[in-house]
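Visitor: First the structure, which I've put down as structure tokens, then a few questions once you've had a look.
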Amino acid sequence: MPFPFEIPFGQFQADLDTYVDEVFDSLRSEFLTMPKGDGFVEYPVFEQGYEALKRVTEGFRKLVPEVLTDTVYQVPITFVVLRAVLGFTPPEWAYVTSQRTGVQVPQGAARTLDRTVRLRPSTPLRTSGGITAQRIRAMVETACQLLSEGATEAPGVLHRLDKADTKHGLTSLQPIADLGLPYAMGLYERFLGRSFAGHRDSISELVGDLVESAIEVVLTDAGISFRKTKRAERVIGFDQTPDFIVPDEFNPQIVIEAKLTEDDGTARDKITRVQHLGSLSMQGRGPSEPPRFEVIACIAGRGFKVRREDMKKLLLATRGKVFTLENLNRLVEFSRLSEFRTK
């Protein structure tokens, strides 16, 4: 059975369900593996930070902000370990710090500091004494306060520090550091927090770049001129900027949307974006006239395999030009891209 991009629009339009199955069969999920990306912290490095933190706190029996701040400067990865003990994201830690200390820590600054540490976890930080030093000192001080206090109880709500290692302040931390955590409790807290959630969030854009990178390789290998747009970039003539324009935005003949999702709700939103480009391509054209530019969708991930009706919409919006990572090597041959091939 041919793919929808291999046959005339009218032919697959008459048997949409069959061609939805063809697209579904060529989709595969990427959720079992994740790129590490820049700033990924290997366990031995993380453990060094943990041991440094455990050592200077005397097994989590004494939290002295000045001592911990000095440790962060000498062994920066302890800053990330301290955040992991809290169970906060960098923006959350920044927000609580601003509330408690009056030192304003913007969320962007917190993310930048966290990433700087993860990129060079063993390189001592420079002690400039500027605004960054004030923020680090305030964040460490806030962490010491929170970990000493533990969780407060209230009916119907779950406190963020109501975890096995922080619920009762230092009296919770000490036995966990000395004896470890029961496996059932570890599983329960993982259930509440999702495995690898922080890393998945930090590399979400890198995962999305998987399809875009594959398209770039195909276009470059074929010697095709193209314009790859940047995130949130505004391009004249498009109220919604596509990921790729061939040959460029001044003479758009082909637009390509690269989409990856493992969630069906997100898939619906992404299909709507492609539909909008399809409508834009027909502006000022009659039903029997060809579109102003060809719309191509290159997709990946199990999210697109959930709703058949959504896949039908995608096929109609692109007039069958839906490609997956499995058949991306046929992208040029079965689209107007072949007209721009020079290699």
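The values are calculated or read from the model by the stated rules, or taken from the named source; none is laboratory data. Not measured: the values here are computed from a predicted model. Counting neighbours? That spans all protein chains shown, and the Cβs are built from the backbone with ideal geometry, glycine included. Note: areas computed on protein heavy atoms with side chains; ligands, DNA, RNA excluded. Shrake-Rupley method; radii C 1.70, N 1.55, O 1.52, S 1.80 Å.
Visitor: Note down the magnitude of the dipole of the range 179-314 about its Cα centre, charges +1 on Lys and Arg C-beta and -1 on Asp and Glu C-beta and zero elsewhere, to the nearest 20 debye.
Guide: Approximately 400 debye in magnitude.
Visitor: Just report the Cα centroid separation between the range 85-159 and the range 20-53, whole Å.
Guide: Between the Cα centre of the range 85-159 and that of the range 20-53, the gap is 25 Å.
Visitor: Could I ask something else about it? Suppose a student asked you for the relative contact order of the chain, using Cα pairs under 8 Å spaced at least 6 residues apart; what percent would you report?
Guide: Relative contact order here is 20 percent.
Visitor: What is the helix-to-structure angle for 107-119, meaning the angle in degrees between its Cα long axis and the longest Cα principal axis of the chain, kept from 0 to 90 and rounded to the nearest 10?
Guide: The helix 107-119 is inclined about 80 degrees to the chain.
Visitor: I'd like to check one number: the per residue accessible area of the chain, probe 1.4 Å, reported in Å² as a whole number.
Guide: 53 Å²
Visitor: With r defined as the distance between the Cβ atoms of D221 and T18 and R0 fixed at 51 Å, what FRET efficiency is calculated, to the nearest 0.05?
Guide: My answer for the efficiency is 0.95.
Visitor: Please give the helix 204-221 orientation as an angle from the longest Cα principal axis of the chain, in degrees from 0 to 90, rounded to the nearest 10.
Guide: 40 degrees
Visitor: Right, something else. Run the paramagnetic zone check for E189: 7 angstrom along Cα to Cβ, then residues of the range 56-95 with backbone nitrogen under 13 Å.
Guide: 82-88
Visitor: To the nearest 20 debye, what charge dipole does the chain have about its Cα centre, counting +1 at the Cβ of each Lys and Arg and -1 at the Cβ of each Asp and Glu?
Guide: The calculated dipole for the chain is roughly 660 debye.
Visitor: Short version: what are the Cα gyration tensor semi-axes of the chain, square root of 5 times each eigenvalue, largest first, in whole Å?
Guide: They are 51, 22, 18 Å, listed largest first.
Visitor: Tell me the GluC sites (Glu not before Pro) within the range 293-343 that lie in a loop according to DSSP and have at most 15 other beta-carbon atoms within 10 Å.
Guide: E326, E333
Visitor: Under a plain spin-label model, where a point goes 7 Å from the Cα along Cα-to-Cβ, how far apart in nm are F250 and Q48?
Guide: The modelled label-to-label distance comes out at 5.2 nm.
Visitor: A further question follows. Got a sec? Charge dipole of the range 153-278, +1 on Cβ for Lys and Arg, -1 for Asp and Glu; which of F191, L260, F238 is way out at the positive end?
Guide: The listed residue farthest towards the positive side: F191.
Visitor: Using R₀ = 41 Å, calculate the FRET efficiency as 1/(1 + (r/R₀)^6) where r is the Cβ-Cβ separation of R28 and Q99; round to 0.05.
Guide: About 0.35, to the nearest 0.05.
Visitor: A further question on this structure: From the cross-link list K36/K313; K163/K259; K36/K312; K230/K313, which pairs have alpha carbons spaced over 32 Å apart?
Guide: Pairs exceeding 32 Å: K36/K313; K163/K259; K36/K312.
Visitor: Using Cα atoms only, what is the angle between the long axis of helix 16-26 and the major principal axis of the chain, expressed in degrees (0 to 90) to the nearest 10?
Guide: It works out to around 50 degrees.
Visitor: Counting only protein heavy atoms and using a 1.4 Å probe, what share of the accessible area of the chain belongs to carbon plus sulfur, as a whole percent?
Guide: Answer for the chain: carbon and sulfur cover 52 percent of the accessible area.
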